[in-house]
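> Got a structure here, written out as structure tokens. Questions coming.
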Amino acid sequence: MKRLLAAMLLAGAAVPAAAAPTAIIGATILTARGETVIVGGTLVFDNGRIIAVGSQVPVPAGAAVIDGKGRILTPGIIAAASDLGIAEVTGVRETNDDSARQSAFSAALDLSTAVNPRSLHIAISRMAGVTRAAVLPDGGSSIFAGQGAVISLGVGGPTVVRARAMQYMEMGETGARIAGGSRPAAWAQLANMLAEAQRLAANPAGFARGQDSGALAKRLDMEALAHVLDGRQALFIHADRASDISEVLRLKARYPAIRPVLLGAREAWLVAGDIARAGVPVITHSLYDLPDDFESLASTRNNIGHLQAAGVIVAIGPLGGVGGTTPVNLPGYAGNAVAQASVPGGKGLTRGQALAAITANPARILGLADTGTLEVGKRADLVLWDGDPLELTSIPVAVWIDGAAQPMTSRQTELANRYKALGRTDLPLQYPR
Amino acid sequence: MRAVLLGVAGLVLAASAFAKDKPKGAPPPPPEVVRPPKDPWPSQYKPYPGQVTVIRGATIYDGAGGRLDNAMVRLEGGKVAEIGASVAVPAGARIIEAAGKYVTAGIIDIHSHLGVYASPGVEAHSDGNEATSPARPEAWAEHSVWPQDPGFSRALAGGVTALHVLPGSANLFGGRGVTLKPVYGRSVQEMKFPGAPYSLKMACGENPKRVYGGRNQLPATRMGNIAFARQLWSDAVIYKRRWDDYTRRAEAGTAKPTDAPRRELALDTLMGVLDGEILVQNHCYRADEMTNVISMAREFGYKVTAFHHAVESYKIADMLKAEGICSAMWADWYGFKMESFDGIRENIALVNAAGACAIVHSDDENGIQRLNQEAAKAMAAGRRLGLPIAPELAWTWLSLNPAKGLGIGDRTGSLEAGKAADVVLWSAEPFSVYARPMQVWIDGALMYDWGDPKRRPTADFELGLPGVGEVK
């Protein structure tokens, strides 16, 4: 089985979830539940689900066995925010579907319609251990930029696992600019669009008869926002300045069913207690530490540690504002949050918390109840590493999504192999060797 | 000996002004020769006081590819005084017990925009691109540098002991780059690395043709890029010929100071390149474009010191080795524009394996804070491809190689007796994500100490603003 597995991985195909169970034995298992570490553990999965995990787990008869000795097994990495599958080359406008500032519509935009499973970035992220991701828009014609999706990075299965999973909203300086030039303009736009959405939801027939003909929002946008108002969809809000965050927290008083999630949140540590009391999760980066603008003057790498200590559910996302950010580097960002705790005066995460910040916590925030930890019944989204997964020098040796072993090749590995030897032969490098 | 230097109308007049006082029968006075000044804005940096310091028991990556275990190093008089298994410990020396810790040569970033794109990144701080002509070699990055950029403090805390600040890449000829120390000063001159040569920032590829083509002017294409650059190099060759001719005649006593050519500040910079005194740092992504630049350099008789970004250096690593050109690279940036589409994480390792000069650069106010981590990722990518790289060797990407690429390799970049005491003490193996600089010395002065708030600088900008005092 192992030889077959290797051959198929080289061929670049995903190995479908085997009919027989698969057991990974002898690995150090980091479950992402608290600080639980199972040394010399066994994990068994079948039909895409974990059926056993522990140190004294018997290998079922007929199971394919994978030797995990000297390896570390973790849940798949989950990118709490990304443009995977919707943006190919940032600088080539027509390859990007993440923003639509000229559109007549905003909140209605459904990002799932743009997701391309064959994006080269999906393959690159997958072999780095990223198994699921939120795909979010980046800027629209109103402060509501549209509805993001949750995707699986697995080959073979469906890529969009939940369309219209959340609404994305800009606040702070960006929201102010989009809404017409000020923060009050952004809040007025929010109040108006949500009020119109409420009126439409309450009386769609009246809307059809033109009783709301003075509405500023488009009907499709209002219909989309109804999902935000009744809490079916989480509302992902980009806000960095502490005062903007405080204003966001007041939303729940006006719209009780709304489920805000803060993105960016660079100054969140200044109001960490308020965020915790409001039960609002935060997606941020562990490496924000510069006053990039006047809404992030208090940026510090301690942010995430303060939030964790206050009891906020924190995910580390591959957010912008840190050069070269990609989902591939999420484990390193988590490792940096651990390192921050070692600096005198630093606030960081434990290793367990850091792993959870890129697995269990994003799963929770994205509503992926059956992923994010290694527990019986969860999806078999697994990464087997050749070392400490949070270390920069560690590499996944195998990745499974829904129990299917994933190809460990990408356009990048093909380029590297092509140019590994530069010597001139009978034909140019562009011919197969 | 032209001993007396007089600044006249922005020129340096080398003359024997006092020759008439000499006794009769003395040889005739040497002729007056006008020379464009080489260093009219010299460094005013002065090292801060240091203390004789001995670090004991650490593992040392010396920056030149060497590794010493359980070794000692003594910093004295601003220099590395002694390094080895055992060094003399003078009475009164500060002794640091560093068993389990690591000591390295300070990190040098060959590509930074700190100060010219300072934080906060508001429009008023956008001083990196003099995008008013494809060629602005007369613009000097140092005249845009805001010495109070908070980014300098973050770079220092990341173990950086020298950095090269470059103009941006909107122009084919962006201007002069300057080498600084991350030591706050009241003027940029107080931050300048003494005696470091200037660089000329050049750029090929998408940026210049996009910026100027978008205004319907030359260059709008890659061929326009090269055409424009060749014309200017041709002009520079003529300019240099005029100066060389004038200098020969003036030295022979057949030309007066008023015969000196009119100084053109733009061409001064290019003449400095042709004379080998100013180093070319060339932003270039694609392999084929790098080879075009190499041909252009050959045509006009100058040398490219380093290609920057160089995401396709792995395709021509053998040629870069033969040409003696360094590549300053990211570990894993790729795919954000067409010319970075073929970026791979093995790039640095493949350049290294070909025996060419590899440098890890940041081009980023965040990346400069953890260049050690970028190098770690590059090492791992190499290992995956079957190219194992020892960590002490990888440290050359962060210190001696960039030092050489900046023309300061004889003074810093490695821990050798007699070189500057630019040193970092790390809390753990410095390629580990868990490692942090504990202490950073620049010229033997302790400029950063993670455990001493009095050794952690705060830029003027951050005083009195939210978050001041918090560990960043």
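> How high is the FRET efficiency between B:SER133 and B:ALA88 when r is their beta carbon distance and R₀ equals 51 Å, given to the nearest 0.05?
The pair B:SER133/B:ALA88 has a calculated efficiency of 0.35.
> Continuing with the same structure: Note down the nm distance, to one decimal, between modelled labels 7 Å out along Cα→Cβ at A:VAL59 and at A:ASP370.
With each label point 7 Å from Cα toward Cβ, the separation is 2.7 nm.
> Okay, next question. Is the shape of the range A:282-433 rounded, prolate or oblate, going by the alpha carbon gyration tensor and its root eigenvalues a ≥ b ≥ c, with a/c under 1.5 for rounded and a/b larger than b/c for prolate?
oblate
> Here is a follow-up. Can you sort A:LEU111, B:LEU350 so the residue with the fewest Cβ neighbours within 10 Å comes first? Provide the component values of the computation, followed by the final result.
Values: A:LEU111 29, B:LEU350 25.
Fewest-to-most ranking of A:LEU111, B:LEU350: B:LEU350, A:LEU111.
> For chain B, what does the helix formula give at 222 nm: sum of -39500 (n - 2.57) over DSSP H segments with n ≥ 4, over the residue count, nearest 500 deg cm²/dmol?
Details: 10 runs with 107 residues, N = 472.
Value at 222 nm, helices only, nearest 500: -7000 deg cm²/dmol.
> Now for a different question. What length, rounded to one decimal in nm, is gained on full extension from B:ARG298 through to B:VAL122, with 0.36 nm per residue of separation minus their alpha-carbon distance? Please list the in-between numbers first.
Numbers: separation 176, 0.36 × 176 = 63.36 nm, distance 4.05 nm.
Extra length available between B:ARG298 and B:VAL122 comes to 59.3 nm.
> Normalised by the residues of the range B:280-332, what does the relative contact order come to in percent, with Cα pairs under 8 Å and at least six apart? If you can, show how the numbers build up before the last one.
On the way: 69 pairs, mean separation 21.3, N = 53.
Value for the range B:280-332: 40 percent.
> About the Cα centre, and with charges only on the beta carbon of Lys, Arg (+1) and Asp, Glu (-1), how big is the dipole of the protein assembly as shown? Nearest 20 debye, please.
Numbers: 90 positive and 86 negative charges, 108 e Å.
For this selection, approximately 520 debye.
> Compute the relative contact order of chain B as a whole-number percentage, counting only Cα pairs closer than 8 Å that sit 6 or more residues apart in sequence.
Working: 1119 pairs, mean separation 87.8, N = 472.
Computed value for chain B: 19 percent relative contact order.
> Another question, then. Taking the DSSP beta bridges in the range B:305-459 as the whole, what percent of them are antiparallel, to the nearest 5?
Details: 8 of 15 bridges.
If I count the DSSP bridges inside the range B:305-459, around 55 percent turn out antiparallel.
> Next question, about the same structure. Give me the percent relative contact order of chain A, please, defined on Cα pairs under 8 angstrom at least 6 residues apart.
Working: 1038 pairs, mean separation 86.6, N = 433.
Averaging sequence separation for qualifying contacts and normalising by length gives 20 percent for chain A.
> Further, regarding this structure: Kindly rank B:357-365, B:255-263, B:51-59 from highest to lowest mean number of other beta carbons found within 10 Å of each residue. Each step should come with its number before you reach the end.
Values: B:357-365: 27.2, B:255-263: 14.0, B:51-59: 19.2.
Ranked by mean Cβ neighbours within 10 Å, highest first: B:357-365, B:51-59, B:255-263.
> Whole-Hz Karplus ³J(HN,Hα) for the range B:434-446, in order, using 6.51 cos²θ - 1.76 cosθ + 1.60 and θ = phi - 60°, x for Gly and Pro?
Ordered by residue, 3J(HN,Hα) equals 8, 7, 9, x, 8, 9, 10, 9, 10, 6, x, 9, 6 Hz.
> A further question follows. Among A:VAL57, A:VAL161, A:VAL280, which one moves the most in a GNM of chain A with springs linking Cα atoms closer than 10 Å?
Highest fluctuation of the listed residues: A:VAL57.
> I've got another one for you. Would you mind putting B:395-402, A:112-119 in packing order, based on average other-beta-carbon counts within 10 Å, highest first?
In descending order of packing, they fall as B:395-402, A:112-119.
> With each pseudo-label sitting 7 Å past Cα toward Cβ, what's the B:ARG455-A:SER243 distance in nm, one decimal?
Those two pseudo-labels are separated by 3.9 nm.
> Count, for each residue of B:460-472, the Cβ atoms from other chains sitting within 10 Å of its Cβ, then give me the mean as a whole number. Please list the in-between numbers first.
Details: counts 0, 2, 4, 0, 0, 4, 10, 14, 2, 2, 13, 11, 12.
Partner-chain Cβ atoms within 10 Å, mean over residues of B:460-472: 6.
> B:ASP244 versus B:LYS38, label points 7 Å from Cα toward the beta carbon: distance in nm?
Calculated label separation equals 1.8 nm.
> Right, something else. Can you tell me the FRET efficiency between A:LEU429 and A:VAL92 if r is taken as the Cβ-Cβ distance and R0 is 30 Å, rounded to the nearest 0.05?
Numbers: r = 25 Å, r/R0 = 0.83.
Result of the calculation: an efficiency of 0.75.
> Moving on. For a Förster distance of 41 Å, can you work out the FRET efficiency between the beta-carbons of A:ALA195 and A:ARG162, rounded to the nearest 0.05?
Given R0 = 41 Å and the Cβ-Cβ separation, E is 0.90.
> Treating only the Cβ atoms of Lys and Arg (+1) and Asp and Glu (-1) as charged, compute the dipole magnitude of the range A:313-433 about its Cα centre; round to the nearest 20 debye. Walk me through the intermediate numbers first.
On the way: 10 positive and 9 negative charges, 61 e Å.
Once rounded to the nearest 20, the dipole reads 300 debye.
> Enter the mean number of other protein chain beta carbons within 10 Å of the beta carbon of each residue in B:335-343, as an integer.
Numbers: counts 11, 7, 4, 4, 2, 3, 7, 4, 2.
Other-chain Cβ atoms within 10 Å of each residue's Cβ, averaged: 5.
> Test of understanding: what is the full-extension gain from A:ASN203 to A:THR113, defined as 0.36 nm times their sequence separation minus their Cα-Cα distance? Provide the component values of the computation, followed by the final result.
On the way: separation 90, 0.36 × 90 = 32.40 nm, distance 2.88 nm.
Contour length minus the Cα-Cα distance gives 29.5 nm.
> Give me the inter-chain shielding for A:286-299: mean count of other chain Cβ atoms within 10 Å, whole number please.
What the average comes to for A:286-299 is 6.
> Okay, moving on. Could you sort the peptides A:370-380, A:99-109, B:198-208 by per-residue average Cβ neighbour count (10 Å cutoff), highest mean leading? Each step should come with its number before you reach the end.
Numbers: A:370-380: 20.6, A:99-109: 19.0, B:198-208: 25.8.
So the peptides A:370-380, A:99-109, B:198-208, ranked by packing, come out B:198-208, A:370-380, A:99-109.
> Continuing with this model, one more query. Among B:TRP333, A:TRP385, what is the fewest-to-most ranking by other Cβ atoms within 10 Å? Let's see the in-between values first.
On the way: B:TRP333 21, A:TRP385 24.
Ranked by crowding around the Cβ, least crowded first: B:TRP333, A:TRP385.
Rule-based calculations on the coordinates, nothing more; no lab input. Predicted, not measured: the structure shown is a model, and the values here were computed from it. Every residue, glycine among them, receives a Cβ derived from its backbone with ideal geometry; neighbour counts consider all protein chains shown.
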